1. Going by what's in this entry, would Ile214 be described as modelled with pLDDT of 95 or more, over 26 Å from Pro70 (Cα atoms) and either touching a strand residue (DSSP E or B) at 6+ places or on another chain (Cβ under 9 Å) or hydrophobic (A, V, I, L, M, F, W, C) (or both)?
2. Hey, can you tell me all the residues within the stretch 109-126 that are open to solvent by 30 Å² or more (accessible area, probe 1.4 Å) and of a type in the set (D, E, K, R)?
3. Which of the following residues is touching a residue at least 24 places away in the same chain (Cβ under 8 Å), buried (at least 18 other Cβ atoms within 10 Å of the Cβ) and more than 15 Å from the chain's Cα centre (by Cα): Cys92, Cys106, Cys141?
4. Going through the stretch 417-439 one residue at a time, which ones are under 30 Å from His454 (Cα atoms), touching a helix residue (DSSP H, G or I) at 6+ places or on another chain (Cβ under 7 Å) and not β-branched (Val, Ile, Thr)?
5. Counting only residues that are surrounded by 14 or more Cβ atoms within 10 Å (Cβ to Cβ) and of a type in the set (S, T, N, Q), how many does the stretch 288-325 have?
6. What single numbered condition from (1) assigned to a helix (DSSP H, G or I); (2) over 26 Å from Arg393 (Cβ atoms); (3) in contact with a Ser or Thr (Cβ under 9 Å, 6 or more places away or on another chain) fails to hold for Gly169?
7. Would you tally the residues in the stretch 217-247 being modelled with pLDDT under 85, within 17 Å of Thr310 (Cα to Cα) and not in a helix (DSSP H, G or I)?
8. Touching a strand residue (DSSP E or B) at 6+ places or on another chain (Cβ under 6 Å) and either part of a strand (DSSP E or B) or modelled with pLDDT under 95 (or both): is that true of Ile88 in this structure?
Amino acid sequence: SQAKRGGGLRRNAGVARCEVSPEALFQSDKFNVNNSSLSALEQLKTSAADRYTKERSSIVVIGLSVHTAPVEMREKLAIPEAEWPRAINELCGLNHIEEAAVLSTCNRMELYVVALSRHRGVKEVTEWMSKTSGIPVKEICQHRFLLYDKDATQHIFEVSAGLDSLVLGEGQILAQVKQVVKVGQSVAGFGRNVSGLFKHAITVGKRVRTETNIAAGAVSVSSAAVELAFMKLPEASHHTARMLVIGAGKMGKLVIKHLVAKGCTKMVVVNRSEDRVTSIRDEIGDSAEIIYKPLSEFLSCAAEADVVFTSTSSETPLFLRENVADLPSSRLFIDISVPRNVGACVNELESARAYNVDDLKEVVAANKEDRLRKAAEAQAIISEESKQFEAWRDSLETVPTIKKLRAYAERIRAAELDKCLSKMGDEIPKKSRKAVDDLSRGIVNKLLHGPMQHLRCDGSDNRTLSETLENMNALNRMFSLETDISVLEQKIRAKITEQTQS
């Protein structure tokens, strides 16, 4: 999907709030929560907050990716996986945000939220991003993209399928989407909508890879780094170049595997501990000689290498101009870390050349026509799956009415059954009692079948959402089902409780 720039939001240091604050709604004489729920609902609908009863909560993506923002900005906004639960809780503490999820990788930082008001929600989230990163709101707005509802669904499905990756079809992003669900399941703010969205995205990613074979010949960021190294090295030195990998985490391990696949039979791996290197060595077997060196020796190891791959979680650069200036001969640095392990100042030297994740775009040049064909096939799958997800989300609108209608019918059935059985006397056999009970249930189920079918919106028929919602409103009126506290009132109560407790 095309990234949508999100300009036009005014910068405001204050926190966005309802024009009529929740506190005012609940404390004023005009909105007394001690009144009947029906009275409260009527008064709410005549208040300035009425716009929220007419505006469905929106799924919103506020993001920065390799396509829209430089690595310098993305690394400041990156949220480590261990911090995702805290970020979700803080986002859901904002006035207009109900649910949240975080997808933060080396190529993107995207926040998925369910907002009571999309405009106020975007404003609050952007200000939160500014506060946590130190980047001015105006600067974030220049580089972020905003997507809403169906466009947001389309985007995460494309991301999961590998269509929005730096290297088309790469599989690592699907594992990262799975991790979002794994981490989010234990966090209250990872609610029904975002949970359903990400779980469906996983299904889409699997289906695209199975049915289009889009991953065949495609590469991950790690393998793209290896491809770039071999593109920059003279062909004559492909089998003799001295390779150094700094960092033996997930990315480093993939770099090592792709180097072996390229025919590299010897390399040095620098890591804090030897355990991971030993594990990788055991996994690779005799395919290559892997020499372990402790992190304290990374500079001396770099002095003896032709190509240096860096993939550590260091918050500060390992290599700056002064570290590289005195190293003998020339060398190639390929940095796939965010934050970067190699400072941009290294490129000021004639004896060194440094590439970061943004430079990997060069690797995507080959076989463009074949990838585009596979991407077109994937888009057809994504379009189909998007409709199914939207139908599922639309169906949530009618769930309360379905439950209330069934409960209403069950109360009448139970009351009439009691009357009938009392007239039949105490001596009626259990078998007869059960037969009468089954009869009453059967009649109710058959009578409810038609209305229930017209309330469901699961994509199995040609009924539109507007028709379904019309049916819902008609049934609410006919059976007086709208007697519960309004959804908005519940949301406002919850926000007030959170603010009071914090």
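1. no
2. Within the stretch 109-126, Arg118, Arg120, Lys123 meet the criteria.
3. The conditions single out Cys141.
4. Leu417, Asp437, listed by residue number.
5. So the answer is 5.
6. (1)
7. Counting residues in the stretch 217-247 that are modelled with pLDDT under 85, within 17 Å of Thr310 (Cα to Cα) and not in a helix (DSSP H, G or I) gives 1.
8. So Ile88 does not fit the description; no.
The values are calculated or read from the model by the stated rules, or taken from the named source; none is laboratory data. Note that the structure is a prediction, hence the values are computed from the model and not measured. As a convention, Cβ positions derive from the backbone with ideal geometry for all residues, glycine included, and neighbour counts pool all protein chains shown. Ligands, DNA and RNA are excluded from the accessible area calculation, which covers all protein heavy atoms including side chains. Shrake-Rupley method; radii C 1.70, N 1.55, O 1.52, S 1.80 Å.
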